[in-house]
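Trainee: Mind having a look at this structure? Questions to follow.
The values are calculated or read from the model by the stated rules, or taken from the named source; none is laboratory data. Please read all numbers here as calculations on a predicted model, not as lab measurements. Virtual Cβ from ideal backbone geometry, glycine too; neighbours counted across all protein chains shown. Calculation scope for accessible area: heavy atoms of the full protein, side chains included, ligands and nucleic acids excluded. Shrake-Rupley method; radii C 1.70, N 1.55, O 1.52, S 1.80 Å.
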Amino acid sequence: MATSESPKDVSFSQGIRMMFYAMKPNETSFPNLDEVPDYVKQATPFFISLMLLELVLGWILKGKLAVRVDDALTSISAGILSRLPMLFFRSIEFSTYIYVWEKYRLFNLPWDSPWTWHLTFLGVDLGYYWFHRMAHEVNIMWAAHQTHHSSEAYNLSTALRQSALQVYTSWIFYCPLALIIPPPVYAVHLQFNLLYQFWIHTEVIENLGPLELILNTPSHHRVHHGRNRYCIDKNFAGTLIIWDRIFGTFEAENEKVSYGLTHPINTFEPLKVQFHHMHYIWTTFWITPGLWNKLSVIFKGPGWSPGKPRLGLLEEIPEVTGKEVPYATHVSGSLQLYALVQFALMLGFYEDTFADKDALSQATLLLRSGYIILTLTSIGFLMEQRPQAAILETFRCSVFLMLYWLNYLKPFIPSWTHTFELYLVGLLIIMFKRSLASMVSKRSLCRLS
């Protein structure tokens, strides 16, 4: 797809409209895949703007902030982890699609026809519906998708809580389109389908009247994210809710929705958020007797066990009482501010890495990815106030300083170079002192015990 420096960068008007799938065929039709803009990358400022708007509206309408720092940082961290593989190779969704198109296509639909554009809109959305449904009904696919459902909050930051593994199964459901739909048209709609789903992750918008009959809306998607029994395996739509109405998986919002997994994981550690259910499948696979049962652990529903229906029993899902308290840690305001500053610095490093990826070696990209993962993990430890947090953060700060001295990191404002250096050294000293204090405290506790 086109780079951010290409002449196909979106205008402000287009940026707003692409978030709501309101772009026109004549402005989003391209003859070659390389000419298709990276709409998702260019949506970053609109993500941030809409999240800030949600904060303001939530404060005005409900008298409280719609976002918690610990949960929001975990969600955005998941989004970052999900995109790191793109530093090394093209998305499997595009690679497999292009392969099928080049080897097996039945005929060419014209890339610049509005009919092709609208047919692709419907095809991608239907493909997403079936992928999404299977991601809830097949345990190995749920192991990836559960990341998105692991937040007990429901706000725009939740939309960014994406899986690093999901893309390795979703491509299967779009391959039939490659028999007739040109790859550039598919690439446009795959991105728009994803971007549309951002704004529906909010409690600020309640009901949209007649639009609720056709479109996937915040109300419909709140149900999908609920752990109430009436919400389980409902409303799989991407853009159009008609698929759920047609295939019998629609459920309207009625009682108050409690969000998250039916069995909350209670962590802000990004790697655990991504991979904990994969570990659960691995463990369950080996303790389950019989080859058929072992395969069923992988390919039947997350709630299945021997003697139960394919998707498990609804009555075994914990009932929501309305008294559920979302997992949170009581972190001081100063530590939250520190985490936010470090996260912002890491984001600059992340954006710089993607901007320069074509000029960087594979080894450099691997080192940068490792530092990003280290930073996200360390922030997760800080948010949970783990005993190892100070030691891990000291190590991270040392790596941060080393990357700066090796010219892998630069201050956002060149004239602040000296100040930036003092900040880094001071940061390392502070974290080193905290690490020593943490180790001394541990030894004292061991002696007392």
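Trainee: Kindly check whether there is at least one residue in segment 191-214 that is surrounded by fewer than 21 Cβ atoms within 10 Å (Cβ to Cβ), touching a strand residue (DSSP E or B) at 6+ places or on another chain (Cβ under 8 Å) and in the same structural domain as A78 (by the TED database).
Mentor: Checking segment 191-214: at least one residue is surrounded by fewer than 21 Cβ atoms within 10 Å (Cβ to Cβ), touching a strand residue (DSSP E or B) at 6+ places or on another chain (Cβ under 8 Å) and in the same structural domain as A78 (by the TED database).
Trainee: Take the conditions hydrophobic (A, V, I, L, M, F, W, C) and either in contact (Cβ under 8 Å) with a residue 60 or more places away in the chain or in contact with a helix residue (DSSP H, G or I) (Cβ under 6 Å, 6 or more places away or on another chain) (or both) and apply them to V69. Does it pass?
Mentor: For V69, the condition - hydrophobic (A, V, I, L, M, F, W, C) and either in contact (Cβ under 8 Å) with a residue 60 or more places away in the chain or in contact with a helix residue (DSSP H, G or I) (Cβ under 6 Å, 6 or more places away or on another chain) (or both) - is met.
Trainee: To continue, here is another question. Which of the residues spanning segment 60-112 are among the β-branched types (V, I, T) and not in a helix (DSSP H, G or I)?
Mentor: V67
Trainee: Checking the conditions here, which among A359, A355, A328 is open to solvent by 70 Å² or more (accessible area, probe 1.4 Å), outside the structural domain of E152 (by the TED database) and at pLDDT below 95?
Mentor: Just one listed residue meets the conditions, A359.
Trainee: Looking at A437, is it hydrophobic (A, V, I, L, M, F, W, C), modelled with pLDDT under 90, surrounded by 17 or more Cβ atoms within 10 Å (Cβ to Cβ) and over 18 Å from L87 (Cβ atoms)?
Mentor: Against the criterion (hydrophobic (A, V, I, L, M, F, W, C), modelled with pLDDT under 90, surrounded by 17 or more Cβ atoms within 10 Å (Cβ to Cβ) and over 18 Å from L87 (Cβ atoms)), A437 does not qualify.
Trainee: Confirm whether K256 is of a type in the set (K, R), buried (at least 17 other Cβ atoms within 10 Å of the Cβ) and either without any contact (Cβ under 8 Å) to a residue 40 or more places away in the chain or farther than 30 Å from T44 by Cβ (or both).
Mentor: Working: of a type in the set (K, R): yes; buried (at least 17 other Cβ atoms within 10 Å of the Cβ): no; either without any contact (Cβ under 8 Å) to a residue 40 or more places away in the chain or farther than 30 Å from T44 by Cβ (or both): yes.
So K256 fails the test.
Trainee: Please verify whether segment 150-173 includes one or more residues that are open to solvent by 10 Å² or more (accessible area, probe 1.4 Å), in a helix (DSSP H, G or I) and charged (D, E, K, R).
Mentor: no
For every residue, the table says whether it meets (1) within 22 Å of the chain's Cα centre (by Cα); (2) at pLDDT 90 or above.
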position: I48; (1), (2): yes, yes
position: L55; (1), (2): yes, yes
position: T74; (1), (2): yes, yes
position: R83; (1), (2): yes, yes
position: S91; (1), (2): yes, no
position: I98; (1), (2): no, yes
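Trainee: In segment 22-54, how many are more than 19 Å from D9 (Cβ to Cβ) and open to solvent by 50 Å² or more (accessible area, probe 1.4 Å)?
Mentor: Adding up the residues that qualify gives 2.
Trainee: Just checking, which of S11, S29 is of a type in the set (G, A, S), more than 18 Å from the chain's Cα centre (by Cα) and modelled with pLDDT of 95 or more?
Mentor: None of the others qualify; the one that does is S29.
Trainee: Would you check if there is a residue in segment 222-229 being in contact with a Phe, Trp or Tyr (Cβ under 9 Å, 6 or more places away or on another chain) and part of a loop (DSSP other than H, G, I, E, B)?
Mentor: yes
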